[in-house]
Amino acid sequence: MRFHPAGKKIIRNTLWVALALNLIGWLFITTSFFSSLLTLGTLVMLVMVLQFFRYPHRPVTTDEKLILSPADGKICVIEECEEKDYLKTRCLKVSIFMSPLNVHINWVPVPGTVTFLKHKEGEFYAAFKDKSAEENERFCTAIRLNDGREIMATQVAGALARRILNYLKPGQAVTQDLEMGFIRFGSRVDLYLPTDTKLNVKLGQKVTGSQTIIGELS
């Protein structure tokens, strides 16, 4: 199993903590039951961290007419709304909630050119709640398509997510096989699409980043 570079430091620190706790248990805990319980607890902690930063190999089929899912997770919102950070127009919003068990890599949903990047400070409400889209810390990425239209993907922090990584740069040409970023420990990604987008997903559906077709552009 490969592990994502975003987790290199956390994996290393978790391993050291696990070793230290087990050493303390071996030296100072005389009861075998509690010693075994400590070992089991540190093992579970290490396995959870490793699975969180797993790095799957996914061949991506690019198509400029398709919107690919930017993340693994479950569709938690489908609605029309006003996008207020950059597009400032009515959009079709599709939100994907990522639990701590999902792969947390974020992929570029459409090919084009990056026109807007902005990190906004905010709160850390649970990512599945509606107010998280407006009030939580987030990172907005707008991409201009070849036909001039723009879509936006917003990485939203959650109650556990305290670090949003975004790898793109303004003016960068991007394709759907590129990683947009990474969010640590539970979060969501909001897509703001043209209102005439033909959706291929429904509320509650599980999606796979870079693989599931969210919709088709008219």
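Panel order for T141, T39, T30, by other beta carbons found within 10 Å of each beta carbon, from fewest to most: T30, T39, T141. Here's how it looks for G215: its modeled amide H is under 5 Å from those of I67, N200, which are all 5 or more places away or on a different chain.
Of the residues P194, P100, P56, the one that moves most in a GNM of the chain with alpha-carbon contacts below 10 Å is P56. Taking segment 66-216, how much of its Cα-Cα pair set, in percent, is spaced more than 20 angstrom apart? The calculated P(r) of segment 66-216 puts 39 percent of pairs beyond 20 Å. Taking 0.36 nm per residue of separation and subtracting the current Cα-Cα distance, fully stretching the chain between E216 and T195 would add 6.4 nm.
Cβ-to-Cβ counts within 10 Å put S36, S95 in ascending order as S36, S95, the fewest first. Could you pull out every one of the lysines with an alpha carbon less than 21 Å from that of K120, ignoring same-chain neighbours closer than 8 positions? Correct list for K120: K84, K88, K93, K129, K131, K169.
Just so you know, all these numbers are worked out from the coordinates, no wet-lab data involved. Quantities reported herein were computed from a predicted structural model and do not represent experimental measurements. Positions of Cβ are generated from backbone atoms using ideal geometry, with glycine treated the same way; all protein chains shown enter the neighbour counts.
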